[in-house]
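Engineer: One structure, pasted below without further comment.
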Amino acid sequence: MAVLQKIRKRSGLLLLAIGFALLAFVVQDLFTKGFKSQAKDVGSINGKDVSFDQFRIKVANVEKNGQNGQPMTQIQAANQVWDQEIAIALISDQFEKAGIRTSENNIIEIFKKDQNIGQNPAFLNQLGKFDLAKFKEYFKNNPEQAKAFEDRQTDAEINAKYQIYSAMIKGGMYATKADGQFKYKLEADKINFDFVSVLYSTVKDSEVKVTDADILDYMKKNEKKFKAEETREIEFVLIEDKPSAKDQEEMKAKINGLLSGSVVFNADTKTNDTLPSFKSATNVAEFVGANSDKPYDSTFVTKQDLPAEHADQLFALPAGEIYGPYINGKYYCLSKAMGRKAGAKAKASHILISWEGTKVPNKKEKRTKEQAKAKADMLLAQALANPGSFMILAMTNSDDSSAQQGGDLGYFAPGQMVKPFNDFVFANPVGKIGLVETEFGYHIINITDKQDAIRLATVSQKIEPSENTSNEAYTKATQFEMDAQTKDFAATAKAAKLSVNPAIKAKAMDEAFGAAGNQRQIVKWAFTSDTNVGDVKRFEVVNVGNVIARLKKINEKGLMTVEDAKPSVEGIVKNKKKAEKIMAKMKGATLEAIAKSNATTVQNAPAASVENSVLANVGAEPKVVGAAFGTAANKVSAPIEGNSGVYVVKTKSVTKAPKLPKYDDYVNKVKSANAQAAGRIFPALKSDAKIDDNRLEFY
């Protein structure tokens, strides 16, 4: 009591002390982080800032919409948007430098190629063609939609400019008759030469030593090939929060109890209630709802939709009978057969013949509805006469993307296809071939299979760790974290009978973390300025357990690490060292003398060319063939360092290719190669760009 009294008397002083402590904490935080405010931009590209406010809106939209129907995480969306921002910024600079401008027509052409716009009934005239007037009128009458459409207009403008820019590059990479002639000579000029080769494989690896310094020196000489982003190497121990053998036995006993009725005390009525077993329950849906971790599902399912390990037993289960308990994933299950439906799913192939105005984007040919009907009737007759030809007929005639699979549409349930198609398939037997009309065109349909389905009532109870098991895992993880702070990480893990996972090499905006899945929190911790090499931290991961991570190494931005480069560089450097040894022995006035001193033979390449530089028993050696073309006849060359070894050549003769009346085929080959130049724009621009990435501050 005396102590409490003293505290009360000094409460004002105590509050003042707490206030000073809080102030000191804030001031210290300011000093440790500096008096700079958090950046308002997620980065800059060639000096142009990227606003976070606009960036996060784009990220939210991408995250919401996903990609190809698949959901995206926030980090995946942020990475995609950042890549887009870089591409747009870099290419827009090129648009400005080239003076590229777009007209309304350019943008409209881009819109027309978008199926959601170009094929939208609201924007089509009576002939099924895109109507610009209707398009403009729609947005005039719907100002809110027009506002939402602004971003798409911006994208379309950039796209239109890029098409012009790309066309300019392709136009600049033209091919002349002289280019075609040169290409022809590279292929058709033949050289006959003798050579001596001493392969790198003749020198034992033990005779040459490649050091880290050698690899680093090679990387510095080829710096652009070995650029690397800043990374962190994080090793970790995973202590899973998973059910023990005892937990599984208890769960199995619990679900087994549902096979027999039970008596429980009712606190409201103060009497014992008799609960039915799963088999005797009159309201099965209610029973599942009361006892299952998954809701009752009344849909019919085919055998292929059942758990593979138990599909045979479940599909053969008589009505009213129960199968289980069995394990399906992380659940103990009991399933009761509730009925069977014949032909619940069907499989069919089709040949689609569309006409101008139907909702089909990639028609193989233009045709009227009458022409489409005539062709469909002809194909139907062919298919009926020879059903085995259906696949070939679909591949060569169908306007649908399923043509690549011979028209095969796979299995589908009632209601998944448009009504006329659906009605034909489910009203006819397997093997029936017929013709129906839908808004997509005429379909020649071949019903190839039907499957029965069953309805199951399944009680599923998740196999989860008990409280005791989770507490044991938590205690083990926290103890390991404390021990690893001051002791060797690997030795501590070994003593605790735990395994250290191989180090994850993470970039600043990564989230994938090996066996632990996506763990952005761990990657971000590793990149925090106050996390040092050797620091250890425990992370609780939902549905996984505890990850105890250790920052093993920091790799700064710049050259790739020697360890990363070694797999691709070590062999090159090793061969260069072997080449030096081989060259020192390749002495002699004649090929025969050089061959004798190196215990090998003189070989002949009777008709090599620059474009076909493959030497018998060796492989492709373009440098050697090129050197042979450049060596005077009957003169022994200096040693040549090739792909597979060191060579000395003596040219015997060169056969010039005869002139052609025209070189169109070779000009086209050059044009085809040049056409790929546009695809190298972004990598080239990005390699020379100054890009500052501050996203780590926000995500």
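The values are calculated or read from the model by the stated rules, or taken from the named source; none is laboratory data. On a predicted model such as this, the values are computed, not experimentally measured, just so you know. We place every Cβ from the backbone using ideal geometry, glycine too, and count neighbours over all the protein chains shown. Ligands, DNA and RNA are excluded from the accessible area calculation, which covers all protein heavy atoms including side chains. Shrake-Rupley method; radii C 1.70, N 1.55, O 1.52, S 1.80 Å.
Engineer: Working only within the stretch 621-660, note down all residues that are exposed (fewer than 13 other Cβ atoms within 10 Å of the Cβ), over 14 Å from ILE191 (Cβ atoms) and small (Gly, Ala, Ser).
Structural biologist: ALA638
Engineer: Out of all the residues in the stretch 123-153, which are open to solvent by less than 50 Å² (accessible area, probe 1.4 Å), closer than 28 Å to THR368 by Cβ and in a helix (DSSP H, G or I)?
Structural biologist: PHE123, PHE135
Engineer: Something else about it: Output the number of the condition that ILE351 fails; it satisfies all remaining conditions of (1) of a type in the set (A, V, I, L, M, F, W, C); (2) in a strand (DSSP E or B); (3) over 37 Å from the mean Cα position of the chain (by Cα).
Structural biologist: Going through the list (1) of a type in the set (A, V, I, L, M, F, W, C); (2) in a strand (DSSP E or B); (3) over 37 Å from the mean Cα position of the chain (by Cα), ILE351 breaks only (3).
Engineer: Applying the selection to the stretch 180-212, what residues are open to solvent by less than 90 Å² (accessible area, probe 1.4 Å), more than 22 Å from GLU611 (Cα to Cα), in a helix (DSSP H, G or I) and not hydroxyl-bearing (Ser, Thr, Tyr)?
Structural biologist: Within the stretch 180-212, ASP205, ASP212 meet the criteria.
Engineer: Among the residues of the stretch 671-682, are any in a helix (DSSP H, G or I), touching a residue at least 60 places away in the same chain (Cβ under 8 Å), open to solvent by less than 70 Å² (accessible area, probe 1.4 Å) and among the aromatic types (Phe, Trp, Tyr)?
Structural biologist: no
Engineer: Here is a further query. Name the pairs: first residue in the stretch 647-658 and within 23 Å of ASN617 (Cβ to Cβ), second residue surrounded by 12 or more Cβ atoms within 10 Å (Cβ to Cβ) and among the acidic types (Asp, Glu), Cβ to Cβ under 6 Å, at least 6 apart or on different chains?
Structural biologist: LYS650/ASP194
Engineer: Taking ASP510 as meeting all but one of (1) within 25 Å of GLN80 (Cβ to Cβ); (2) open to solvent by 60 Å² or more (accessible area, probe 1.4 Å); (3) assigned to a loop (DSSP other than H, G, I, E, B), write down the number of the exception.
Structural biologist: Of the numbered conditions (1) within 25 Å of GLN80 (Cβ to Cβ); (2) open to solvent by 60 Å² or more (accessible area, probe 1.4 Å); (3) assigned to a loop (DSSP other than H, G, I, E, B), the odd one out for ASP510 is (2).
Engineer: Looking at LYS97, LYS177, which one is over 23 Å from PRO361 (Cα atoms), of a type in the set (Lys, Arg), open to solvent by 30 Å² or more (accessible area, probe 1.4 Å) and in contact (Cβ under 8 Å) with a residue 40 or more places away in the chain?
Structural biologist: The conditions single out LYS177.
Engineer: Considering the stretch 42-73 alone, what residues qualify as being at pLDDT below 90 and in contact with a Ser or Thr (Cβ under 8 Å, 6 or more places away or on another chain)?
Structural biologist: Matches in the stretch 42-73: GLU63 only.
Engineer: Considering only the stretch 358-366, I want to know if a residue exists there that is under 30 Å from GLN248 (Cα atoms) and surrounded by fewer than 17 Cβ atoms within 10 Å (Cβ to Cβ).
Structural biologist: First pass over the stretch 358-366, keeping only residues under 30 Å from GLN248 (Cα atoms): none.
The answer is no; no qualifying residue exists.
Engineer: So LEU456 fits all but one of (1) open to solvent by less than 70 Å² (accessible area, probe 1.4 Å); (2) touching a residue at least 40 places away in the same chain (Cβ under 8 Å); (3) over 30 Å from GLU250 (Cβ atoms); (4) among the hydrophobic types (A, V, I, L, M, F, W, C); what number is the exception?
Structural biologist: With (1) open to solvent by less than 70 Å² (accessible area, probe 1.4 Å); (2) touching a residue at least 40 places away in the same chain (Cβ under 8 Å); (3) over 30 Å from GLU250 (Cβ atoms); (4) among the hydrophobic types (A, V, I, L, M, F, W, C) applied to LEU456, the lone miss is (3).
Engineer: Looking only at the stretch 380-392, decide whether some residue is open to solvent by less than 30 Å² (accessible area, probe 1.4 Å) and touching a helix residue (DSSP H, G or I) at 6+ places or on another chain (Cβ under 6 Å).
Structural biologist: Within the stretch 380-392 (the criterion being open to solvent by less than 30 Å² (accessible area, probe 1.4 Å) and touching a helix residue (DSSP H, G or I) at 6+ places or on another chain (Cβ under 6 Å)), the answer is yes, since at least one residue qualifies.
Engineer: Here's something else I'd like to know. Could you figure out which of (1) surrounded by fewer than 12 Cβ atoms within 10 Å (Cβ to Cβ); (2) at pLDDT 80 or above; (3) among the aliphatic types (A, V, I, L, M) isn't true of ILE88?
Structural biologist: (1)
Engineer: Here are some residues: LYS246, LYS254. Which one is in contact with a strand residue (DSSP E or B) (Cβ under 9 Å, 6 or more places away or on another chain), open to solvent by 90 Å² or more (accessible area, probe 1.4 Å) and touching a residue at least 40 places away in the same chain (Cβ under 8 Å)?
Structural biologist: Among LYS246, LYS254, only LYS254 is in contact with a strand residue (DSSP E or B) (Cβ under 9 Å, 6 or more places away or on another chain), open to solvent by 90 Å² or more (accessible area, probe 1.4 Å) and touching a residue at least 40 places away in the same chain (Cβ under 8 Å).
Engineer: If you check ALA167 against the conditions, is it over 12 Å from THR102 (Cα atoms), out of contact with any strand residue (DSSP E or B) (no Cβ under 6 Å at 6 or more places or on another chain) and open to solvent by less than 50 Å² (accessible area, probe 1.4 Å)? Show your work before the answer.
Structural biologist: Values: over 12 Å from THR102 (Cα atoms): yes; out of contact with any strand residue (DSSP E or B) (no Cβ under 6 Å at 6 or more places or on another chain): yes; open to solvent by less than 50 Å² (accessible area, probe 1.4 Å): no.
So ALA167 does not fit the description; no.
Engineer: Of the residues that make up the stretch 267-274, is at least one surrounded by fewer than 18 Cβ atoms within 10 Å (Cβ to Cβ), touching a residue at least 12 places away in the same chain (Cβ under 8 Å) and under 43 Å from the mean Cα position of the chain (by Cα)? Outline the logic, then answer.
Structural biologist: Within the stretch 267-274, the first condition is being surrounded by fewer than 18 Cβ atoms within 10 Å (Cβ to Cβ), and the residues that meet it are 267-274.
Within this subset, residues satisfying the condition of being touching a residue at least 12 places away in the same chain (Cβ under 8 Å) are 274.
Those left that are additionally under 43 Å from the mean Cα position of the chain (by Cα): none.
No: zero hits.
Engineer: Of all the residues that make up the stretch 409-431, how many are open to solvent by less than 40 Å² (accessible area, probe 1.4 Å) and either on the phi > 0 side of the Ramachandran plot or basic (Lys, Arg) (or both)?
Structural biologist: 1
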